[in-house]
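For reference, the structure is listed below as C-alpha cells.
Readers should treat all values here as calculations from the given coordinates under stated rules, not as data from a laboratory. None of these values were measured; they are calculated from a predicted model. Note: ideal-geometry Cβ built from the backbone for every residue, glycine included; neighbour counts use all protein chains shown.
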C-alpha cells in the first residue's frame, strides 16, 4: 500500500477553507432538517447560513471517530 502525506488544517484555517468554498451556505428554511438548527448562524434572503465554528468542531470529532475506527 502506498504511503500518503497527511495534511491537517487546524483552527482558523479550516474555517477559512470552508468559507472560501461556500460551505457556509445552507438551504431555505423549509428544506432544513430540524436537528441542524443548532448549527445555523442566521439567515439572509431566506437562505440559512451555517455556523462554521461549530461545524469545524464537529468535523474534528467525526475525523477522530473515523480515525479510531480505522485503527480497530
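Arranged from highest to lowest average of other beta-carbon atoms within 10 Å per residue, in what order do the peptides 54-62, 26-34 appear?
54-62, 26-34
Please express the shape of the stretch 12-71 as an equivalent ellipsoid: the semi-axes are the square roots of 5 times the eigenvalues of the C-alpha gyration tensor, given largest first in whole angstrom.
24, 14, 8
With each label point set 7 Å from Cα along the Cα-Cβ vector, what nm distance links residue 44 and residue 63?
Placing both labels 7 Å beyond Cα along the Cβ direction yields 2.6 nm.
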